[in-house]
Amino acid sequence: RRRDDLAGVRVLVTAGGTREPIDPVRFLGNRSSGKMGFALAAAAAARGAEVQLVAAPTSLTTPPGVIRTDVTTALDMHAAVFDRVADVDVVVKAAAVADFRPVTAAGSKLKKSAGAPRLELVPNPDILADLGERRRGGHAQPLLVGFAAETDDVEAYGRDKLARKNADLLVVNDVGASDAGFGVDTNRVVILGRDGARTEVGLATKRAVAERILDAVVDLLPAGPAS
Ligand code: C5P
């Protein structure tokens, strides 16, 4: 069933953790490795999709057949995604986007001798929520897949996020476990859909988890799954 079931489908994947500069050498970051997003991009391309990958800094290599754009900050990622959104059928937001950034980045390296700096933070735009809003504005496309990394009440937060951000699918993972989530090659997720739909994916490689997420995407595409 999977072979070529995404043929001709235009998929945009975001991956990795954004970096928010403090000064030319320091940034606020997070523990995302990019592995889940890169696995999704690789799996979608292998199933025939035209895949664009908007990647925050990571050491991973670009999967075959994938067009990659590198970004650093949440604002860069927001711009890169909105530049492309009119031309894609599916957006998968696997990136860990910083919720806050320093209000200004110092132009030169902060000196230790000047004492501990006070960082003033301002909120970043929520890219997924903005994509959801854009759809409320009358755009039917694209299909939106979000992620939630939580340590407690994983599914309840996931359901809330699905509704609040107007997504079609929300993949939740418990980042409190050592064999799933950040950095490792395996993951354990629950895929939440609208109207209470729920698919549990037990511990598996990120590639295998990616295939299951894409199965759920195929089921929601206008043409439906190829037989
Ligand atoms: O609200 P939370 O950060 O847990 O939501 C996670 C989901 O929202 C992920 O899909 C992430 O890529 C997306 N997100 C985003 N822009 C932000 C924060 C999160 O697109 N500023």
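The values are calculated or read from the model by the stated rules, or taken from the named source; none is laboratory data. What you see is a predicted model; the values in this text were computed from it and never measured. No Cβ is skipped: glycine too gets one built from the backbone with ideal geometry, and neighbour counts run over all protein chains shown.
Does Ser108 fit the bill of being of a type in the set (S, T, N, Q), in contact (Cβ under 8 Å) with a residue 60 or more places away in the chain and either over 23 Å from Leu214 (Cβ atoms) or in a helix (DSSP H, G or I) (or both)? When the stated conditions are applied, Ser108 passes them. Just one of the listed residues (Val145, Val171) is farther than 22 Å from Ala79 by Cα, surrounded by 16 or more Cβ atoms within 10 Å (Cβ to Cβ) and within 14 Å of the ligand (Cβ to nearest atom), and it is Val171.
Residue-by-condition table, conditions (1) within 11 Å of the ligand (Cβ to nearest atom); (2) more than 24 Å from Ala140 (Cβ to Cβ):
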| residue | (1), (2) |
| --- | --- |
| Ala44 | no, no |
| Val51 | no, no |
| Val54 | yes, no |
| Thr58 | no, yes |
| Pro63 | no, yes |
| Val97 | yes, yes |
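Name the single residue, out of those in the range 179-216 being within 17 Å of Lys35 (Cα to Cα) and of a type in the set (D, E, K, R), that is surrounded by the most Cβ atoms within 10 Å (Cβ to Cβ). Of everything passing the filter in the range 179-216, Lys206 is surrounded by the most Cβ atoms within 10 Å (Cβ to Cβ). Residues considered: Leu131, Leu144. Of these, the only one that is touching a strand residue (DSSP E or B) at 6+ places or on another chain (Cβ under 9 Å) and part of a strand (DSSP E or B) is Leu144. Condition check for Glu150 on (1) touching a Leu at 6+ places or on another chain (Cβ under 8 Å); (2) within 20 Å of Leu203 (Cβ to Cβ): one failure, at (1).
Only one of these is under 14 Å from the mean Cα position of the chain (by Cα) and either at pLDDT 95 or above or among the charged types (D, E, K, R) (or both): Ala86, Ala95, Ala79. Name it. Among Ala86, Ala95, Ala79, only Ala95 is under 14 Å from the mean Cα position of the chain (by Cα) and either at pLDDT 95 or above or among the charged types (D, E, K, R) (or both). In the range 52-86, what residues are of a type outside the set (Gly, Ala, Ser) and in a strand (DSSP E or B)? Gln52, Leu53, Val54, Ile67, Arg68, Thr69, Asp70 - these are the residues of the range 52-86 that are of a type outside the set (Gly, Ala, Ser) and in a strand (DSSP E or B).
When each of Val184, Val145 is tested for being closer than 18 Å to Val97 by Cβ and of a type in the set (Val, Ile, Thr), the lone residue that passes is Val145.
Please verify whether the range 151-158 includes one or more residues that are near the ligand (Cβ under 10 Å from one of its atoms), under 18 Å from Val13 (Cα atoms) and surrounded by 19 or more Cβ atoms within 10 Å (Cβ to Cβ). Looking through the range 151-158, none of the residues is near the ligand (Cβ under 10 Å from one of its atoms), under 18 Å from Val13 (Cα atoms) and surrounded by 19 or more Cβ atoms within 10 Å (Cβ to Cβ). When the residues of the range 198-227 are filtered to those that are assigned to a loop (DSSP other than H, G, I, E, B) and farther than 19 Å from Lys93 by Cα, the one that is modelled with the lowest pLDDT is Ser227. Of all the numbered requirements in (1) more than 25 Å from Gly181 (Cβ to Cβ); (2) within 12 Å of the ligand (Cβ to nearest atom); (3) buried (at least 17 other Cβ atoms within 10 Å of the Cβ), Val81 misses one, and that requirement is (1).
So that you can scan it fast, the table gives a plain yes or no per residue for (1) out of contact with any Lys or Arg (no Cβ under 8 Å at 6 or more places or on another chain); (2) free of Cβ contacts under 8 Å to residues at least 40 places away in the same chain; (3) of a type in the set (Gly, Ala, Ser):
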residue	(1), (2), (3)
Asp5	no, no, no
Gly16	yes, no, yes
Glu20	no, no, no
Pro63	yes, yes, no
Ile67	yes, yes, no
Val71	yes, no, no
Ala79	yes, yes, yes
Asp83	yes, yes, no
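Confirm whether Asp219 is charged (D, E, K, R), under 23 Å from Arg2 (Cβ atoms), surrounded by fewer than 20 Cβ atoms within 10 Å (Cβ to Cβ) and more than 16 Å from the ligand (Cβ to nearest atom). It is true that Asp219 is charged (D, E, K, R), under 23 Å from Arg2 (Cβ atoms), surrounded by fewer than 20 Cβ atoms within 10 Å (Cβ to Cβ) and more than 16 Å from the ligand (Cβ to nearest atom).
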